[in-house]
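Read the structure below first, then the notes.
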Amino acid sequence: MTEPVLAVEDLHVWFDLEQGGELHAVQGVSLALQTGERFGFVGESGCGKTTTILALMGLLPSSASVAGRVLLEGEDILADGEESVSPHRWTDIAMVFQGAMNAFNPVKRVGEQIAEPMKLHEIAEGRTARRQVGELLERVGIPAARASSYPHEFSGGMRQRAAIAMALACKPKVLLADEPTTALDVMVQAQILQLLIGLADDFGLTLVLVTHDLPIVAQVCSRAAVMYAGEIVEIGATDTLYHDPRHPYTRLLFAATPDLYDEEPVLSIPGTPPRLDRELVGCPFAPRCDRAFAPCDRVKPRLVATDTGHSAACHLNDPALKAAS
Amino acid sequence: MRGADYFLKRTLFALVTVFVAITLNFIIFRATPGDAVTGLRCQFCTVEFKDQLRAELGLDKSKWEQYVIYLQSLAEGDMGRSFVTREPVVDELIDPLLNTLPMIALGTAFSIVFGILSGVVAAWRRGTFLDWGNLSFSLLFYSLPTQWLGLMLLIVFAGTLPASGIADPFLAFTDPSWWDTFVDRLEHMILPAATIGIVLYGEYALIVRSSLMEALSEDYVLTARAKGLRNWAIVWRHAFRASLLPVATLIALSLGYLVAGAILVEAVFSYPGIGLVTYDAVTERDYPVLQGAFLILTLSVVFANYLADLLYFKLDPRVAE
C-alpha cells in the first residue's frame, strides 16, 4: 500500500467541564485514508464524530486537550499547535461545515469569502482570484455572477453549494464534510451528494463524510467507521458493514433505519449512550446490547480484524470467549 | 436600486415622528393645570390684567386655533419669545446648542474610541485578567450617576482645569489670538466632556464586548479559523464587522439622548449649553424656552434614530429585505 494521505494515530480529545472534571469525547481513534478514498463516519449524536474531524484541523476550542498524531502525508500537523497546523488549513485540508447556512459571514459578499483563503495562502489575487471564484461557483452549479451576492440572497441548497466551492478554493487534498446535507430537503440532499462525489473524482479529493444518516454513507462512501461513545467500534468496507456487521451496534443502527420496501417495523435501540465524564469499564455498548454476555461488563473489547476483512470491537468475534461462556 | 425604497420609507417615518413629537410638545404644555398667566403674582395682577395678557398671548383662543397658530409660526421658525428676557426663543437656544454640540462630540468621540478598543480587547482576551479588569471598570463607570461623577471630577480637578462656564471672562481683555481662544474653550470643555465620556465609555465597552463575543461564537468564525486566518484577522475582518450592527445602533441612539442627558452635566459645571438653558427655563417657568428646548431634544432623538437606520442599512446587507 502507498503512504496514506491522512493518518490518525490514537487520537484522544478531552474537554474541560465547567463544573470540574473532564469529558473524554474521543477515545483513541486510529485510521488511515488513501488518496481519492471516500470515507464515512457514522454514529448517533454525541458519539464524537464531529469532535474527531475538528481535531484533525486543530479547530477545537481552548477547553479541549488533544493527544495523538494526525499525519498529513507523513507530517505530524498537530505537533506544534497553531504554528504547524495553520499553514495546512484550507490548502491541504478543507471543510464543509455542519449547517452551512451560517458558514458564511452575513455581512460579506459570497465571492469575497471564497476568495479570502486564496489571498491568504497566496494562491491567487485580484482578477485571477475573481476568475477562479467564478469557475468554482460554475462548477458547483451557481452562475458566476452570483459571487457578488450576499449569503442571505442564496437558498439553503445554494449556500451549501457555495460552501463546497469555498472549501475547494485552495485545491485541498482532503475534504472534510460534516453533516453537509442536514437541514436540506431530500431532492437537494441528493444533488449535493452527487456533486460531492463528482468533485471528489474530478479533483482527486479524499473525502471524509460525517453523518448520522446511514443511507448517505452507503451511497457515497466505499469505507466507513461506526463510532460509539468516542471510539470506533467497527470499521471497514461499507458493503460489509451493511451486509455482515460484526458489532451489535452496527447491526442495530442499520435496523433502526426505515426501509421503504420492507414491511418490518423500524427498531430503536433502547437506552442512551454512556456518560463520557467518567471512566468506562467493559464494553461501552454492553448496557444497551441485546447480545451482551459475561465478559462484556468487565473487559473492554479491542478493535480486531474479523474474518470478513474489516475490524470490530466486540467479544462476540472472539471464539474462545464465546465458547467459555 | 437597492435601498431607495428603504431610504424613502425611513425618511417618511422620521418626518411623521417629528410631526407627532411637535404635536405632543404642544399638548404637554397645554395639559398642565393652568396656563402661563395663572401663576402670575404681583400687586397689579388683577383679573382684568390677566385676561388682557391672555388675549395678548393668544391663550383665550380655542386649543385648536392655538395649535394651528403654533404650527404656522413653527414653520416660519418662530418659537415665541422668552418670558424672562423677551428675546425670541430661537435666538435664546441657538448659542447654547452650538456650545453643547462640540462638548458632546468631544465626550462621545472619546467614549467611542476607547469603548470600542477596550471592548474588542476584552472580548478577544475573554476570561483573562485583562477582560476581568476591563469589565469591572466598565460596569463601575456605567453605573456611576452622571452628576455625582461630575462633582467628583470637579473636586479633584477644580484647581487644574476651569471648573465652570465656557470661557475665561478675562481672556477677552488680553486681545487673545484665535489659538488662545480655542485652547481656552477646549479647557472649559474638558471636564463636562470627560464626565459624559466616562459614563458612555462604560456603556460602549460593555456593548462592544458582549456583541463581539456573540459574533465570535458564530459558525462563520469557525469557518474563518478553518481557512487559516489568524486570530486578529478573524476578530478584525469577520467578527468585528458583524458585531458593529448592534453597536452602531446603540451609539446612534445614545447620541440622541445625550443632548437631553447634558442637562445634569451642564448644571454641575454651569456650562451654558442647551441643558443649562432647559434647567434654567424650568426653574424660572419660562415656558416658551422650555418648549423650544424640548423640541430640540425630541428632534435630536428622532434624527439620531434616523441616522441609526441609515447606518444599519449601510452595515447590514440584510436590512433592505
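Read-outs throughout are calculated quantities, based only on the coordinates presented, and are distinct from any laboratory measurement. Computed from a prediction, not measured in an experiment: that's the story for all the values here. Virtual Cβ from ideal backbone geometry, glycine too; neighbours counted across all protein chains shown.
General remarks:
- Low-density loop cleavage sites - GluC sites (Glu not before Pro) in the range A:70-166, where at most 10 other Cβ are within 10 Å (DSSP): A:Glu122
- For residues of B:216-222, the mean tally of beta carbons on other chains within 10 Å: 5
- Cα shape, the range A:41-117, gyration tensor, a/c 1.5 rule: oblate
- Of A:Lys49/A:Lys108; B:Lys9/B:Lys61; A:Lys173/A:Lys300; A:Lys300/A:Lys322; A:Lys119/A:Lys171; B:Lys9/B:Lys314, those spanning more than 25 Å from alpha-carbon to alpha-carbon: A:Lys49/A:Lys108; B:Lys9/B:Lys61; A:Lys173/A:Lys300
- The spread of Cα positions in the range B:2-320, taken along each principal axis and listed from longest to shortest, comes to 85, 54, 37 Å.
- Nearest 10 degrees, 0 to 90: helix B:241-269 Cα axis against chain B principal axis: 40 degrees
- Chain B: relative contact order in percent, alpha carbon pairs under 8 Å with at least 6 residues between: 27 percent
- Cα long-axis angle, helix B:4-31 against chain B (0 to 90 degrees, to the nearest 10): 40 degrees
- Residue-wise HN-Hα coupling along the range B:211-219, computed from phi with Karplus coefficients 6.51, -1.76, 1.60 (Hz; x: Gly, Pro): 5, 5, 5, 5, 4, 5, 8, 6, 4
- Longest to shortest principal axis, alpha-carbon extents of the protein assembly as shown, angstrom: 121, 54, 53
- Residues A:Ser155, A:Ser222, A:Ser86 arranged by fewest to most Cβ contacts within 10 Å: A:Ser155, A:Ser222, A:Ser86
- Percent RCO, i.e. relative contact order, over chain A, from Cα pairs under 8 Å lying at least 6 residues apart: 20 percent
- Selected from A:Ile142, A:Gln98, B:Tyr306, residue furthest toward positive end of dipole (the protein assembly as shown; charges at beta carbon): A:Ile142
- Averaged over the residues of peptide A:79-88, the number of Cβ atoms from other protein chains lying within 10 Å of each residue's Cβ is 1.
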